[in-house]
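The values are calculated or read from the model by the stated rules, or taken from the named source; none is laboratory data. Keep in mind that this is a model prediction, so the values were computed, not measured. Because the Cβ atoms are built from the backbone with ideal geometry, glycine has one as well, and the counts that use them run over all protein chains shown. Surface accessibility is based on the protein's heavy atoms, side chains included, excluding ligands, DNA and RNA. Shrake-Rupley method; radii C 1.70, N 1.55, O 1.52, S 1.80 Å.
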Amino acid sequence: MYLHIGGNEILPEKRIIGVFDLDQCTCGKRGQEYLRLAEEEGAVLDVSGDIPRTFVVADHPYHRQIVYLTQLSPAALQRRAERGEL
């Protein structure tokens, strides 16, 4: 199965490690640090085209992990995954 996370990005579900609310995770020091380090490593891709609401952490063949920023809410991504929507 695949999950469309916004923009032109479609990820295999088996590669998705986690889906996180950007507002909730950036309130704490750990969330801010994780995103800062991912940005420094060049492992952040903004597929939102707008103000991002969620970040999706996924395995990637060339990086340890890739962080995708998307405008979709975590609830919308969960519904898409449950329905099997591309």
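Quick notes on this one:
- A Cβ distance below 9 Å, combined with a sequence gap of six or more or placement on separate chains, defines the contacts here; from the range 1-12, residues that are aromatic (Phe, Trp, Tyr) reach residues that are part of a strand (DSSP E or B) in the pairs 2/10; 2/11; 2/12.
- Filter result (hydrophobic (A, V, I, L, M, F, W, C) and crowded, with 16+ Cβ neighbours inside 10 Å) within the range 1-24: 3, 5, 11, 16, 19, 20, 22
- Every pair of residues 6+ apart whose Cβ atoms lie under 7 Å, when the first sits in the range 13-29 and is without any contact (Cβ under 8 Å) to a residue 60 or more places away in the chain while the second is open to solvent by 100 Å² or more (accessible area, probe 1.4 Å) and part of a strand (DSSP E or B): none
- Leading residue by the ranking (least open to solvent (accessible area, probe 1.4 Å)) among those in the range 70-81 that are closer than 9 Å to residue 5 by Cα and not in a helix (DSSP H, G or I): 70
- Any hit, the range 45-67, residues being part of a helix (DSSP H, G or I), in contact with a Phe, Trp or Tyr (Cβ under 8 Å, 6 or more places away or on another chain) and surrounded by 15 or more Cβ atoms within 10 Å (Cβ to Cβ): no
- Every residue from the range 25-48 that is more than 14 Å from the chain's Cα centre (by Cα) and under 15 Å from residue 67 (Cβ atoms): 30, 32, 33, 36, 37, 40, 41, 42
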